[in-house]
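What follows is one structure encoded as C-alpha cells, with my remarks underneath.
The values are calculated or read from the model by the stated rules, or taken from the named source; none is laboratory data. Keep in mind it's a predicted model, so treat the numbers as computed, not measured. No Cβ is skipped: glycine too gets one built from the backbone with ideal geometry, and neighbour counts run over all protein chains shown.
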Amino acid sequence: MKIWVFVSLWSLVYFPTMAQDKIVMHNGEIIEGKVNFLTTSEVHYRSNTTLKAETIPKPLVEKIIYKKGIVEGISTKVDVQGAKDWEKVQLTDNPLKVKGLTPKGEIGIRSIGDIKLSGVNGYENKELQRVKKLAAKQEGHLIFLTKENKLDAGRSKHKMEKAIIYGY
C-alpha cells in the first residue's frame, strides 16, 4: 500500500513537468510552462515555477514550442547595431506593437499638416529617413508615432509631432 501511494504521488509531481510548452524570448531566455491562450498583444501562460497565470507582451517573444512539437513564430527580432542599420527601423501607430519594449527616447517628426492622413502616409520620405537614422543611432528598432503635437510650428504647413523610439 505504501508503494502505491508513493508511486501515485511521484507520478502527480513528475508527469506534469515532463512535457511542457517552451516560450523562447528574444534575449535567449526560455520560460517553461503551459501556454493558455494568445491575444493580439500578449501570451498568457502558467509557468512551472510560480504556478500562477502570467502574461508577457508578444514583441518580447520569438517563438513558442508546444509540448507536441509544434513551433509557432510570434515575432521576429530586429537587430539594429547603429546608424548604418537605419533601414531596419520600423514605424507604427499601433500601441500594441510597442507593449513590453523599452523607450529609448523621443524625437520630433514633421508631418504634412493640411492633409488628414493616418500612419506613415502623412510624412515626407526625407523626414521618415531622418527619423529612422536618429532612431538607429539610439539602437531603437521601432518608432511609435503618437500624433501628439510637440510644439506649434506657427504658420508653417507642417506640424511637429512627437515620436517615441523603442528597443529591446
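Report yes if P59 is outside any strand (DSSP E or B) and either surrounded by 14 or more Cβ atoms within 10 Å (Cβ to Cβ) or not assigned by TED's automatic domain parsing to the domain that holds N27 (or both), otherwise no. Yes; evaluated as a whole, the condition is true for this residue.
The set of residues from segment 39-54 being in a strand (DSSP E or B) and closer than 17 Å to P95 by Cα comprises E42, V43. For K97, the stated conditions hold: it is within 20 Å of Y168 (Cβ to Cβ), under 15 Å from the mean Cα position of the chain (by Cα) and of a type in the set (K, R). Of all residues in segment 120-168, those satisfying the criterion of being farther than 11 Å from I109 by Cα, modelled with pLDDT of 70 or more and assigned to a loop (DSSP other than H, G, I, E, B) are Q138, E139, G140, H141, Y168.
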